Amino acid sequence: MNSKADIGLTFARTCQLGDLLDFRSEIVHPKDKPTGSSIFVGLEHIERDTGVRVGAEHIDLSDLTGRRARFFSGDIVYGYLRPYLNKVWIAEFDGICSVDQYVFIVRPDVDRDYIARFLRSDHFLETAPIGSSPGQLPRIRTGEIAATPIVLPSLADQRRIAAILDAADNLRRIRRRALKLLDDLVQSLFMEMFGREISLMSDRSTKMLGEIVDLQNGAYYPADLYSSTQAGTEMVHMSDAFYGVVQRGSLRRVMATSADVQKYGLSQSDLIIARRSLNIEGAAKPCLIPFSGEPLLYESSFVRLRPRKGTIRSPYLYHYLSLPLVRARELARFITQSTISGINQSNLSKVRVFVPPVAAQEEFCRAVEMVDQNRQAHAKSLEVLGHLFSSLQARAFSGRL
């Protein structure tokens, strides 16, 4: 006998997203001399995967230097560049966003939470034709979104499914919050140990980054060298380096030579730095490398920092380069700002670094290691919840939940 859920989904139909969404094409352009103020929500203000807004900017429209897309409360704002980042937000108010985001009006007979969750789902990312060409970031066009098939149950079932996914996603948010608190604890410890000296540092108390680490740009591989199986060597791409530590096990693999592994290999004592980003906040962001017995490569969007013996410890350097004070005072002046923000190896080598005694760095590293033990337990739980959530998504959007 069918369950209640099964009976409800008997009436599900398959349609296209274009049957459920309308593209909002309103643009605010400086040439039109707009006046007044608005709230800007860009890609950097939307949390990956969750759709949670983590920021916004109040701006004077007369100061606009480029085009912006307009959205209204209830619209779905979708980041179409690097769609795998899942920057999908349901607008809570009227405002403007970047032209790297699409704005969709959800038709009244459809549940917008159900549609937004579908757009964030692995099922959508696997089904939708996301394009990529040399020199361009992956992207998806409005027509391709519109043509993507979706299983559409009754409105009541759409709401029920969205509520189930929201409850499961809330468990992931709680675990991420615990991880964030542990990160904040380490940052507080860092400031307690080194903050005063860093705030007062001068040229005489610092070294150039190029004096204490060896810098190496990453590797580029054409598409035909990427493996569709578990053969080859794991490689870090920009999408793998947003949470401070590279997550091993599910990275894309390339068919690399032993010479490439030797030249572009990463170890636990290394850091990688993002050379470019869509915004200034992402440029020059550092990322730690976890211990592993398997080789790991990094692609050309990164610079590898390999500390020279007896000078600097990578956990200390990571937290130093992540410090807002250091980013504003030491890194920002070397970051170019255009369509893509970036920093090159030459300028990165000129960044000033306060280098405390090795003994003090090692004391900090021991404290970090203790916090990391707790962090790993929370991360493992988050991984399990992630698998559960993926399973629920797969059932939800194939008409089986």
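The values are calculated or read from the model by the stated rules, or taken from the named source; none is laboratory data. Since we're looking at a predicted model, the values are computed, not measured. All Cβ positions, even for glycine, are placed from backbone atoms using ideal geometry, and neighbour counts span all protein chains on display. Protein only, heavy atoms only, side chains kept; ligands, DNA and RNA dropped before computing areas. Shrake-Rupley method; radii C 1.70, N 1.55, O 1.52, S 1.80 Å.
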- Candidates 381, 391 - the one that is open to solvent by 30 Å² or more (accessible area, probe 1.4 Å), more than 26 Å from residue 274 (Cα to Cα) and touching a residue at least 60 places away in the same chain (Cβ under 8 Å): 381
- Specify the residue that is modelled with the highest pLDDT; the eligible residues are those in the stretch 339-366 that are of a type in the set (Gly, Ala, Ser) and buried (at least 17 other Cβ atoms within 10 Å of the Cβ). 349
- Query: Residues in the stretch 217-238 that are surrounded by 14 or more Cβ atoms within 10 Å (Cβ to Cβ) and under 24 Å from the mean Cα position of the chain (by Cα): how many?
  - Reply: 11
- Message: Could you list, ordered by first residue, the pairs with Cβ atoms under 7 Å in which the first is in the stretch 164-186 and touching a residue at least 60 places away in the same chain (Cβ under 8 Å) and the second is buried (at least 17 other Cβ atoms within 10 Å of the Cβ) and among the charged types (D, E, K, R), at least 6 apart or interchain?
- Response: 165/117; 179/375; 182/375
- Message: Among the residues of the stretch 244-273, what is the count of those that are more than 21 Å from residue 224 (Cβ to Cβ), of a type in the set (S, T, N, Q) and more than 21 Å from the chain's Cα centre (by Cα)?
- Response: 4
- Query: So residue 116 fits all but one of (1) at pLDDT below 95; (2) closer than 29 Å to residue 171 by Cα; what number is the exception?
  - Reply: (1)
- So, in the stretch 65-121, of the ones that are assigned to a loop (DSSP other than H, G, I, E, B) and among the basic types (Lys, Arg), which residue ends up most open to solvent (accessible area, probe 1.4 Å)? 67
- Note on the structure: Note on the stretch 379-401: residues in a helix (DSSP H, G or I) and of a type in the set (Lys, Arg) are 380, 395
- Assess whether residue 321 counts as being touching a residue at least 12 places away in the same chain (Cβ under 8 Å), in contact with a strand residue (DSSP E or B) (Cβ under 8 Å, 6 or more places away or on another chain) and not hydroxyl-bearing (Ser, Thr, Tyr). yes
- Query: So which residues in the stretch 290-338 are open to solvent by less than 20 Å² (accessible area, probe 1.4 Å) and among the β-branched types (Val, Ile, Thr), if there are any at all?
  - Reply: 303, 312, 326, 335
- Task: Taking only the stretch 212-227 into account, find how many residues are out of contact with any Lys or Arg (no Cβ under 8 Å at 6 or more places or on another chain) and either free of Cβ contacts under 8 Å to residues at least 60 places away in the same chain or of a type in the set (Val, Ile, Thr) (or both).
- Result: 4
- Out of all the residues in the stretch 196-203, is one or more open to solvent by 30 Å² or more (accessible area, probe 1.4 Å), in contact (Cβ under 8 Å) with a residue 60 or more places away in the chain and hydroxyl-bearing (Ser, Thr, Tyr)? yes
- Is it true that residue 74 is small (Gly, Ala, Ser), on the phi > 0 side of the Ramachandran plot and free of Cβ contacts under 8 Å to residues at least 60 places away in the same chain? yes
- Task: Just need a number here: residues in the stretch 241-276 that are open to solvent by 40 Å² or more (accessible area, probe 1.4 Å), closer than 28 Å to residue 379 by Cβ and assigned to a helix (DSSP H, G or I).
- Result: 1
- Query: Just a yes or no: is a residue in the stretch 156-175 closer than 30 Å to residue 397 by Cβ, open to solvent by 50 Å² or more (accessible area, probe 1.4 Å), in a helix (DSSP H, G or I) and in contact with a His (Cβ under 9 Å, 6 or more places away or on another chain)?
  - Reply: yes
- Only unsatisfied item for residue 214, checking (1) open to solvent by less than 30 Å² (accessible area, probe 1.4 Å); (2) modelled with pLDDT of 95 or more, is (1)
- Message: Could you list, ordered by first residue, the pairs with Cβ atoms under 9 Å in which the first is in the stretch 94-112 and closer than 25 Å to residue 155 by Cβ and modelled with pLDDT of 95 or more and the second is part of a strand (DSSP E or B) and open to solvent by 80 Å² or more (accessible area, probe 1.4 Å), at least 6 apart or interchain?
- Response: 102/23; 103/23; 104/23; 105/23
